[in-house]
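Below: the structure, in C-alpha cells.
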Amino acid sequence: MPSNVPTWDELLGSATSAAIHLEMRDAYAVDYEKGPFADWRAGHRHNPEDRASWWRPWLDLIQDTVGRGVVVRRARIVSEPVSEYTRFLYDNTFTNVAAGEQVRWLPRRQASTIALPGNDFWLIDGQRIRWNHFTGEGASAGGEISDEIAAAKLCADSFEAVWARAIPHDQYTINR
C-alpha cells in the first residue's frame, strides 16, 4: 500500500460525521483452504449470542467509530442468484449490523441506470475517498486516497442512488 494511504484506524478515526462504503464485486479473493471462508464452507456459523467468538478488531473499530457519532453505511451491489462468497457475506453481516453499521443490498439488475465509479470505495465525510483496488481474481491490489472534489461528488451521488434503491439487510433474502 502506498505510504500516503492511512491505516483503517486512521481513516475511520478521521471521520467526524459519515463513512460510506460501496462494494460492487461478487467475490473477493479468500483462502478456500483455511480461515473464515473455509470455516463457513465447512458449516461453521457465528453464534449471535457469543460476540467474543466473532468480535474481531474490524468490528471493534466500527463500533468505536459509530460510538463517536459517525454514521457508517455499507451498500453491496450483488448479482442474483448470488455467489457463494456473497452467501458467506450475507450470513456474517449480522456482525456488522451489531457493531453499528447500516447495511443494504442492491440486486445488480436494479443498478443498471446508476452511474457508478469503477472501483469499490470508502467515502469519509463526503470529501476523502479511499479507493479499493482489486486484481481480476479479487485479491487486494492496494488502496489509493483521493481528495478530488469531482470524484467525491461522484461517489456520494452514486452511493445515495444505490442506497435509495437497496434493501435493508434485515429485509433482504437470498435463495439458497
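The values are calculated or read from the model by the stated rules, or taken from the named source; none is laboratory data. Nothing here was measured: the structure is a model prediction, and the numbers come from that model. Glycine gets a Cβ as well: all are built from the backbone with ideal geometry, and neighbour counts include every protein chain shown.
Scan segment 48-74 residue by residue and report those that are among the aliphatic types (A, V, I, L, M), at pLDDT 95 or above and not in a strand (DSSP E or B).
Just the residues of segment 48-74 that are among the aliphatic types (A, V, I, L, M), to begin with: 52, 59, 61-62, 66, 70-72.
Subset that is at pLDDT 95 or above: 61-62, 66, 70-72.
If the condition is that a residue be among the aliphatic types (A, V, I, L, M), at pLDDT 95 or above and not in a strand (DSSP E or B), then Leu61, Ile62, Val66, Val70 are the ones that fit.
Please go through segment 93-120 and pick out each residue that is under 16 Å from Trp58 (Cβ atoms) and more than 12 Å from the chain's Cα centre (by Cα).
Within segment 93-120, Phe94, Thr95, Ala98, Ala99, Gly100 qualify.
Looking at Leu89 and the list (1) part of a helix (DSSP H, G or I); (2) in contact (Cβ under 8 Å) with a residue 40 or more places away in the chain, which single condition is not satisfied?
Of the numbered conditions (1) part of a helix (DSSP H, G or I); (2) in contact (Cβ under 8 Å) with a residue 40 or more places away in the chain, the odd one out for Leu89 is (2).
Among the residues of segment 168-175, is there at least one that is farther than 18 Å from Arg25 by Cα, out of contact with any Lys or Arg (no Cβ under 6 Å at 6 or more places or on another chain) and modelled with pLDDT under 95?
Looking for residues that are farther than 18 Å from Arg25 by Cα, out of contact with any Lys or Arg (no Cβ under 6 Å at 6 or more places or on another chain) and modelled with pLDDT under 95, one finds at least one in segment 168-175, hence yes.
Do we have Ala152 as under 22 Å from Glu80 (Cβ atoms), over 15 Å from the mean Cα position of the chain (by Cα), among the small types (Gly, Ala, Ser) and modelled with pLDDT of 95 or more here?
Working: under 22 Å from Glu80 (Cβ atoms): no; over 15 Å from the mean Cα position of the chain (by Cα): yes; among the small types (Gly, Ala, Ser): yes; modelled with pLDDT of 95 or more: yes.
In short, no.
Pick from Ser83, Ser140, Ser146: which is under 23 Å from Val30 (Cα atoms), among the small types (Gly, Ala, Ser) and surrounded by 14 or more Cβ atoms within 10 Å (Cβ to Cβ)? Steps first, answer last, please.
Working: Ser140 fails: surrounded by 14 or more Cβ atoms within 10 Å (Cβ to Cβ); Ser146 fails: under 23 Å from Val30 (Cα atoms).
Just one listed residue meets the conditions, Ser83.
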